[in-house]
1. State yes or no: is PRO70 open to solvent by 10 Å² or more (accessible area, probe 1.4 Å), in contact with a Phe, Trp or Tyr (Cβ under 8 Å, 6 or more places away or on another chain) and under 13 Å from ALA19 (Cα atoms)?
2. Among the residues of segment 114-136, are any within 16 Å of the ligand (Cβ to nearest atom), open to solvent by 20 Å² or more (accessible area, probe 1.4 Å), assigned by TED's automatic domain parsing to the domain that holds THR238 and over 24 Å from ALA63 (Cβ atoms)?
3. Can you name the condition, by its number, that VAL195 falls short on among (1) open to solvent by 10 Å² or more (accessible area, probe 1.4 Å); (2) among the hydrophobic types (A, V, I, L, M, F, W, C); (3) within 16 Å of the ligand (Cβ to nearest atom)?
4. Being open to solvent by less than 60 Å² (accessible area, probe 1.4 Å), assigned by TED's automatic domain parsing to the domain that holds GLY487 and either modelled with pLDDT under 95 or farther than 28 Å from LYS263 by Cα (or both) is the requirement here; does ALA368 meet it?
5. State whether the residues of segment 35-57 include one that is within 20 Å of the chain's Cα centre (by Cα), within 14 Å of the ligand (Cβ to nearest atom), at pLDDT 95 or above and assigned to a helix (DSSP H, G or I).
6. Just wondering, is there one or more residues in segment 342-360 that are surrounded by fewer than 17 Cβ atoms within 10 Å (Cβ to Cβ) and within 11 Å of the ligand (Cβ to nearest atom)?
7. Quick one: GLY477 ticks every box in (1) open to solvent by 20 Å² or more (accessible area, probe 1.4 Å); (2) in contact (Cβ under 8 Å) with a residue 60 or more places away in the chain; (3) under 21 Å from the mean Cα position of the chain (by Cα) except a single one, so which number is it?
Amino acid sequence: MLRRRVGFYVTTPIFYVNAEPHLGHAYSTIAADVFARHMRQRGEDVFFLTGTDEHGEPVELAAEREGITPQELADRNAPRFQEMARAVGATNDFFIRTSDPRHTERVAEIMQRVYDNGHVYRGMYEGWYCPRCADFKTERELGPGNTCPIHEIPLEREQEENWFFRLSAFEDYLKRLYAERPDFVVPEFRRNEAVSFIEGGLQDVSLSRAKLKWGMPLPWDSSQRMYVWFDALLNYVTALSFAREGEDLTERYWPYAFHVLAKDILKFHAVIWPALCHAAGLEPPRGMVIHGYLLMGEKKMSKSLGNVLDPFEVIERFGSDALRFYCMREVSFGQDGSVSAAGFEARYETELANDFGNLASRTLAMLARYRDGVVPDADPDPQLAEGEDGLRGLAAEVSELIDRAEPSQALGAAWDRVRRLNRYVEERRPWDLAKDEGKAAELDSVLYNLAEGLRVVTLALYPYIPNAADKLLDALGEPGRALAEFGSRGGGARTERTEALFPKLETAAS
Ligand code: MSP
């Protein structure tokens with residue numbers, strides 16, 4: 001779904017500043033970065049946005065609990081999210097904060113347009129309200145005993161006069177949009193959820209809050225504050241107008257947005273957001289991918305449930321590549337999946353340190369020992385190139401999987417080739433060939449194929465483990481980062497040995 005010759009604009013949700021970043025936030029950021037890096041490898045014109053959602057009741061309540069102002073809380077926590085993005089190796093082009101006046105000014109303009117277009121009216125709202133979600137729950141969403149299904153807290157019945165967005169008027173528009181764009185929402189089972197939500201009949205949604213203090217005033221009624229979700233969703237559009245000093249990127253990247261988010265905010269992105277765009281005279285985004293939850297034990301990891309795995313700690317001990325790899329490999333993107341410290345260490349050891357790290361160090365060591373570090377000239381070996389898990393066609397396969405927004409499968413395809421290369425070493429036993437002068441040509445061929453195989457696999461792995469890939473590609477004498485077909489480089493490259501890419505755990509911990 002992602003292939004095109006226009007801008008490629010990838011976003012994460014903007015995260016609430018009421019809590020510190022945790023692995024769940026890191027997960028979306030890592031996934032978005034994998035898409036961004038892969039698309040840059042293919043020469044796409046990429047813009048990658050992340051940021052923080054700073055208005056609304058969740059932030060107001062958290063600040064109140066701490067006895068500081070919401071702006072102070074935002075100013076304290078937004079840099080933590082910026083650090084998190086940096087720490088996971090995210091290559092975001094901009095970081096938006098919704099308390100930025102450049103954002104709020106644009107939001108006011110766009111919402112005024114929605115109002116002028118007649119999609120807003122005054123009404124009375126009554127419903128079950130979760131202050132942590134900043135959302136009213138419908139009857140079918142409620143947990144047992146009128147609780148929030150996400151935060152597991154009892155909800156209050158609230159009633160107030162506020163402004164409504166006429167979502168119900170966009171039912172036909174949304175049905176048409178989904179009919180015309182089968183891949184507007186992926187994976188398909190999430191798309192089906194969105195479609196059945198729309199087909200179940202849409203109710204208008206409240207657009208403002210009378211009691212809220214920490215939010216943008218409505219441009220046409222300053223006695224009411226804007227419901228945080230309208231201000232938040234619009235970040236995807238407003239950021240483009242000021243992300244780059246002196247330049248407006250809106251035409252270049254809108255509507256080519258591809259949103260990455262988890263299922264908790266599906267309804268906002270898959271239903272309200274395209275309707276809001278249409279109401280404001282904007283094209284809807286290109287599409288979105290909905291991922292599952294990282295679970296610790298059986299529960300969604302979340303700050304309020306107190307079961308978080310601290311990404312900063314993991315990164316400090318193992319490095320960001322290991323975290324990126326683990327997140328994309330352990331949990332099939334789109335599904336929920338459990339993560340644990342033990343599972344993490346097992347994958348680090350068996351896959352990164354053994355499968356990949358050893359393959360790299362062995363290959364470089366043999367090139368150094370047997371051929372003075374120069375990759376011999378030889379032809380691609382059909383034994384490695386063809387058949388199941390053959391090296392040929394890897395770049396195309398990975399690209400196709402990423403186009404279908406399946407980053408775990410793309411990683412799996414590359415990893416199958418890592419294993420294939422390991423089998424090849426074991427089968428061809430270059431250390432035995434080296435003992436026999438008469439087998440010099442055969443040794444040349446095996447070393448060429450290992451170096452070339454490692455090069456194309458590492459290029460495919462680059463979006464997932466960019467630091468290790470950079471080191472290894474440099475060591476292999478590969479200056480580029482574009483995806484490459486097996487056999488597209490001949491011999492002659494000068495290689496050098498590197499330190500262990502993924503040191504064994506004993507060493508990593510000391
Ligand atoms: N501020 C809103 C989003 C506005 S977007 C216009 C919000 N913020 S949040 O801080 O609660 O972040 C929710 C998002 O964080 C999820 O959709 C997901 O991307 C990520 N995750 C938070 N916890 C997660 C897990 N345990 N597992 C996977 N993703 C998680 O909602």
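1. Working: open to solvent by 10 Å² or more (accessible area, probe 1.4 Å): yes; in contact with a Phe, Trp or Tyr (Cβ under 8 Å, 6 or more places away or on another chain): yes; under 13 Å from ALA19 (Cα atoms): yes.
Yes, satisfied.
2. no
3. VAL195 satisfies all of (1) open to solvent by 10 Å² or more (accessible area, probe 1.4 Å); (2) among the hydrophobic types (A, V, I, L, M, F, W, C); (3) within 16 Å of the ligand (Cβ to nearest atom) except (3).
4. yes
5. Yes, because at least one residue in segment 35-57 is within 20 Å of the chain's Cα centre (by Cα), within 14 Å of the ligand (Cβ to nearest atom), at pLDDT 95 or above and assigned to a helix (DSSP H, G or I).
6. Checked segment 342-360: no residue is surrounded by fewer than 17 Cβ atoms within 10 Å (Cβ to Cβ) and within 11 Å of the ligand (Cβ to nearest atom).
7. If we test GLY477 against (1) open to solvent by 20 Å² or more (accessible area, probe 1.4 Å); (2) in contact (Cβ under 8 Å) with a residue 60 or more places away in the chain; (3) under 21 Å from the mean Cα position of the chain (by Cα), just (3) comes out false.
The rows are residues; the columns are (1) over 30 Å from GLU386 (Cβ atoms); (2) acidic (Asp, Glu); (3) touching a Pro at 6+ places or on another chain (Cβ under 8 Å).
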position: LEU472; (1), (2), (3): no, no, no
position: LEU476; (1), (2), (3): no, no, no
position: ARG481; (1), (2), (3): no, no, no
position: PHE486; (1), (2), (3): no, no, yes
position: GLY491; (1), (2), (3): no, no, yes
position: THR495; (1), (2), (3): no, no, no
position: LEU505; (1), (2), (3): yes, no, no
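The values are calculated or read from the model by the stated rules, or taken from the named source; none is laboratory data. What you are looking at is a predicted structure, and each value in this text was computed from that prediction instead of being measured. With ideal geometry, Cβ positions are generated from the backbone for all residues, glycine too; neighbour counts draw on all protein chains shown. Accessible surface areas use protein heavy atoms only, side chains included; no ligands, DNA or RNA. Shrake-Rupley method; radii C 1.70, N 1.55, O 1.52, S 1.80 Å.
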